[in-house]
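The structure appears below as structure tokens.
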Amino acid sequence: MPSKRLFDRIDSIQLRGVTKKYDDRFAINDVSIDIEGGELVIFIGPSGSGKTTTLRMINRLIEPDSGTILINDQNVMELEPVALRRNIGYVIQSIGLFPHMTIAENIGLVAKLEGWNEKKIKDRVKYLLDFVSLPSEMFMDRYPHQLSGGQQQRVGLARALLMDPPLLLMDEPFGALDPILRKQLQEEFYQIREKLGKTIIFVTHDIEEAFKLGDRIAIMDDAKLVQIGTAEELIFHPVNEMVASIVDSGKKFKHLDTLKIKDLISPLECMYVHDGSLDIESAISSMIEKNIEIAVVSNGSGPLGIVKLIDLLRMEDKDSKIADHVVEIPSFSRNELLSSSLKIMQKNGHSMAFVMTDEKLSGFLFPNDAFSQVIG
Amino acid sequence: MVTLESILSHTADHLVLVVMTLIISICISMPLAFGSLYNKRFGYVVTKFANLAQAVPSFAVVALVVPLMGIGFYPAVVAILLRALLPIIKNTYIGLSTVDPSMLDYADGIGLNEWQILRYVRLPNAYPAIFAGIKFAFILINSIAILTAYIGSGGLGELIFQGLVAFNNEKILAGAIPAILIAIAFDIIFTRIERKLTPHYRK
Amino acid sequence: MDKEHKGVDSLLLSDLIEVWETNSLTLRTIEHLTMFGIAIVLASIIGVFLGLFLYSRPKIAHPMLNLLNLVETIPDIPLLVLLLPIFGLGKEPTIVASVLYSLLPITRNTYTGLKEVDLKYVDIARAMGLSEKDILFKVRIPLSLPMIVGGLRIALVFTMGVVTLGGLIAAGGLGAALIAGIQLYKINTILVVGFWTGLLAVIFDGLAGMIEKRLQRRYGIW
Ligand SMILES: Nc1ncnc2c1ncn2[C@@H]1O[C@H](COP(=O)(O)OP(=O)(O)O)[C@@H](O)[C@H]1O
Ligand SMILES: [Mg+2]
């Protein structure tokens, strides 16, 4: 049974004096926010400060004790919850893919309930899987437990996009992923965000993620909204010490000129390194088991380059060696100046580089990450 | 007409058979279970076989004893044991072997020997499982002991079968009701003991 | 040597055929499996519905499960004979007793399965815009399926046992053949029927076990 399309686009979301108590403690205390259509607003703050509660009130998973929440000037409490939720995408850290359904069934579930025909559902699912960079023919019929954490989170995003909701709520979507994988997904999310053109409310505890992705950042503490503004506003005009300290931890380094690569290195864990003589099939299973999406290919004496899981999955000849499919990336010594290396990378369009210590691979450099860390 | 005396004497026979086979099962099972602990393959075979044998209907087990031993009290005891041993061995073995490995490491670390580990770590940890196995065995024994009257064990089953042949409802009930009461009484007692045995941190 | 071997083999085989025919074991097996099938289907339907019902009425769940527990405490033959005054001799009391026994494992497992579904799945289902009814049918029930099948497997074993006892109250089936063997003291009959009855039970249990394992693996439960 089709539910009503409540809104095709978001013009505004307004929280007016929203309050929620559990027993005698405030989970949210008199929070008011205006969000514009098309914005990506980040909520950040200490654990227990009320970020999740705020998010879950927007799709009525939690009902406020007082105050109102308006989407396009309609009070959400007056909207039918099932219809409301089908118009809002929801992505959470624990993903929650249903273990008894295939990936295709997971993504297409609500479309089926809406009475779409099989063909339309299948086409939409394929489109969404490709959109989140998972080859659809490989993943449609798998079960969630056969996917790595990163792949599951991509499916979680695809599922949230099924009904093309104009609003997305994302609660620490990358929080459970290891640092390198997290950076990669942030990167991809940053790219597809443009294509999506949706209003997004995004919770994180990672200030770098906030700087990288957010149009505006809302800082919460102790059930209250402390400050909301762009990164620059928060950095230059923090309303209190707490905001200053949160924001400051994200811009450890103020003088780009003097920074060395080692100041911004993302350390390498040995599980990323795979021998070049490995065939694609074994490399895929090893990467899925380790829950990583890129691997460093080495020939014993040093790194040859990287391979991405997504690319390996798409390859026809699964018996060939990964050494034959390496993508070369630049490598720098850890004591080189950051600014010159970044320029080189930018010129050649590289999104990552190796960092070498005494001729040995010791980590990665992600330029976008570096930029967001040196804001200000 | 069924006399009270006949009911009482059949009940006594039944109880003797049940309690005797329960004690024998425990005495045979325990060493075997402890043995399985130090011989993994034996433990594996016992658990597999116990699961398999569980599925075989009691009547088939009782019948299959006849070609081996004929009929009477002792064949009945053997039939019951065939049914009751495996659940106790299996439960005891599982109880003894599923101990938190960190606890074993710790015990090893503070210098307990194999025997002390068994006595102070494994055994207390396994009490609830061992007891559950014994309770389960009792339930099985109490019901097969009725059936074995069919191959001449005597007891309450004898009243029931005599009643069935003679279409004598009174006799049937005279056998059935005490059997039910025994089952319920033991169930209550066992549940009590079980509660005592479960350490309160697990409740 | 070779001859002797053949002799023994054909002797066994001819014995088997003779026992099979004189006891009409094909017919007995059909009777046996028919009672078994009817009882299991009935118990599954009633048990699953009762489990669903108790899930929707948590207040009466406990007393009801306790009642079923009490039924479970009654030994099998007394339960069977208590039903005689109501149903007479034959297949009906056998089937009813099987169903009564099987109800507890199926109902209990359905109820616990539904209740113990990981709340994160229910929460995300709600967030996706599933109605409470959809959540029950698309999420809770499918996720409890391995648990329900586990209950069904226990019920299969109980039912096989009770159906075999049915022979004692003129229900036919393989129990009747066992009785014939014991009463006439025919060793071959007892051996053939005893092993055949056991084998059938083990096969059904094994099949159910395979389904249970497959469900668990498919869901990635372990
Ligand atoms: N269902 C609940 N019952 C009681 N307290 C809750 C519940 N949900 C959240 N809280 C409390 O509300 C506060 C805010 O929680 P939450 O919004 O989850 O914080 P955050 O997402 O910022 O970590 C916390 O103190 C938390 O303990
Ligand atoms: Mg939270």
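Quick check: residue separation of A:H205 and A:N72 times 0.36 nm, minus the Cα distance between them. What number comes out in nm? Intermediate values should be presented prior to the final figure.
On the way: separation 133, 0.36 × 133 = 47.88 nm, distance 2.83 nm.
Roughly 45.0 nm would be gained on extension.
Compute the distance in nm between two label points, each set 7 Å from the Cα along the Cα-to-Cβ direction, one at C:Q183 and one at A:K112.
5.5
Mean Kyte-Doolittle hydropathy of 1.0 or higher plus an axial Cα length of 24 Å or more: which whole DSSP H helices in chain C meet both?
C:25-56, C:141-165
From the helices alone, meaning DSSP H stretches of at least four residues, give me the mean residue ellipticity at 222 nm for chain A, per-run term -39500 (n - 2.57), in deg cm²/dmol to the nearest 500.
Calculated mean residue ellipticity at 222 nm is -10000 deg cm²/dmol.
Give the carbon-plus-sulfur fraction of the accessible surface of the protein assembly as shown in %, rounded to a whole number; probe 1.4 Å, heavy atoms of protein chains only.
Carbon and sulfur atoms account for 59 percent of the accessible area of the protein assembly as shown.
Which whole-number percent gives the relative contact order of the stretch C:1-136, counting Cα pairs below 8 Å spaced six or more residues apart? Please list the in-between numbers first.
Working: 72 pairs, mean separation 43.8, N = 136.
Worked out over the stretch C:1-136, it gives 32 percent.
For chain A, with only Lys/Arg (+1) and Asp/Glu (-1) charged at the beta-carbon, what is the dipole magnitude about the Cα centre, in debye rounded to 20?
For chain A, the charge dipole is close to 480 debye.
State which helices in chain B qualify, where a helix is a whole DSSP H run, it must extend 20 Å or more along its own axis by its Cα atoms, and its mean Kyte-Doolittle hydropathy must be at least 0.5. Display every interim value, and only then the final one.
Working: long enough: B:4-38 (51 Å, 1.49); B:40-54 (21 Å, -0.02); B:73-97 (36 Å, 1.36); B:123-147 (35 Å, 1.57); B:169-197 (41 Å, 0.98).
Taking the DSSP H segments of chain B (at least 20 Å long, mean hydropathy at least 0.5), we get B:4-38, B:73-97, B:123-147, B:169-197.
For a test of the definition: using alpha carbon positions, the gyration tensor, and the 1.5 limit on a/c, classify chain A as rounded, prolate or oblate.
It is oblate, given that a/c is not under 1.5 and a/b is not larger than b/c.
Averaged across A:281-290, how many Cβ atoms of other chains sit within 10 Å of each residue's Cβ atom?
0
Taking the Cα centre of the stretch A:284-376 as origin, sum charge times position over the Cβ atoms of Lys and Arg (+1) and Asp and Glu (-1), and report the length of that vector in debye to the nearest 20. If you can, show how the numbers build up before the last one.
On the way: 9 positive and 12 negative charges, 51 e Å.
Using Cβ point charges on Lys, Arg, Asp and Glu, the stretch A:284-376 gives about 240 debye.
Quick one: grab the alpha carbon gyration tensor of chain B, order the square roots of its eigenvalues as a ≥ b ≥ c, and give me rounded if a/c is under 1.5, else prolate or oblate depending on whether a/b is larger than b/c.
Prolate is the answer for chain B, as a/c is 1.5 or above and a/b outweighs b/c.
Sticking with the crude label model, points 7 Å out along Cα→Cβ, report the distance from B:T191 to B:Y127 in nm, one decimal please.
In this crude spin-label approximation the distance works out to 2.1 nm.
Could you work out the mean count of beta carbons from other protein chains within 10 Å of each residue's beta carbon in C:192-202?
Numbers: counts 0, 4, 11, 4, 1, 7, 10, 3, 4, 6, 6.
Counting other chains' Cβ atoms within 10 Å and averaging over C:192-202 gives 5.
Hey, if you put +1 on the Cβ of every Lys and Arg and -1 on every Asp and Glu Cβ in the protein assembly as shown, which of A:Y272, A:M356, A:S66 ends up farthest toward the positive end of that dipole?
Final value for the positive-end residue is A:S66.
What does the extension gain come out to for B:T3 and B:R119, with contour length at 0.36 nm per residue minus their alpha carbon separation?
Full extension of this stretch gives 36.7 nm more.
Given points 7 Å out from each Cα along the Cα-Cβ axis, report the A:R314 to A:V273 separation in nanometres with one decimal.
Rounded to a tenth, the inter-label distance reads 2.9 nm.
Net charge near B:I160, counting Lys/Arg +1 and Asp/Glu -1 over other residues with Cβ under 12 Å of its Cβ?
Net charge around B:I160: -2.
Based on the Cβ-Cβ distance from A:M242 to A:S32, what FRET efficiency comes out when R0 is 30 Å, to the nearest 0.05?
That gives a FRET efficiency of 0.95.
Which pairs in the list A:K4/A:K122; A:K122/C:K213; A:K290/B:K48; A:K112/C:K133; A:K321/C:K213; A:K120/A:K308 are over 26 Å apart, alpha-carbon to alpha-carbon?
Flagged as over cut-off: A:K122/C:K213; A:K290/B:K48; A:K321/C:K213; A:K120/A:K308.
Please compute the average number of Cβ atoms from other chains found within 10 Å of each residue's Cβ in peptide C:162-171.
That average works out to 3.
Report, in debye and to the nearest 20, how large the dipole of the stretch A:173-225 comes out about its Cα centre when Lys and Arg carry +1 and Asp and Glu carry -1 on their Cβ.
Details: 8 positive and 10 negative charges, 48 e Å.
With Lys and Arg at +1 and Asp and Glu at -1, about 240 debye.
For a bin width of 10 Å, list the pair-distance distribution of the protein assembly as shown built from all Cα-Cα distances, rounded to whole %.
2, 10, 16, 17, 15, 14, 12, 8, 4, 1, 0
To the nearest 0.05, what FRET efficiency results for B:N169 and C:L67 with a Förster distance of 41 Å applied to their C-beta separation?
On the way: r = 25 Å, r/R0 = 0.61.
The computed FRET efficiency comes out at 0.95.
Pull out a ≥ b ≥ c, the square roots of the eigenvalues of the alpha-carbon gyration tensor of the stretch A:158-226, then state rounded if a/c is under 1.5, prolate if not and a/b is larger than b/c, and oblate in the remaining case.
Oblate is the answer for the stretch A:158-226, as a/c is 1.5 or above yet b/c matches or exceeds a/b.
Along the charge dipole of the stretch B:91-203, Cβ charges K/R +1 and D/E -1, which of B:F167, B:P178, B:V121 sits furthest on the positive end?
About the Cα centre, the residue reaching furthest to the positive side is B:P178.
Enter the accessible area per residue of the stretch B:4-197 (Å², integer; probe 1.4 Å; all protein chains in place).
Roughly 47 Å² per residue, with all protein chains present.
For the protein assembly as shown, build the charge dipole from Cβ charges (+1 Lys, Arg; -1 Asp, Glu) around the Cα centre, then report which of A:I28, B:G155, C:G161 sits farthest towards its positive end.
B:G155
The values are calculated or read from the model by the stated rules, or taken from the named source; none is laboratory data. As the structure is a prediction and not an experimental result, all values here were calculated from the model. Cβ atoms come from the backbone with ideal geometry, glycine included; neighbour counts cover every protein chain shown. With ligands, DNA and RNA removed, areas are computed over all heavy atoms of the protein, side chains included. Shrake-Rupley method; radii C 1.70, N 1.55, O 1.52, S 1.80 Å.
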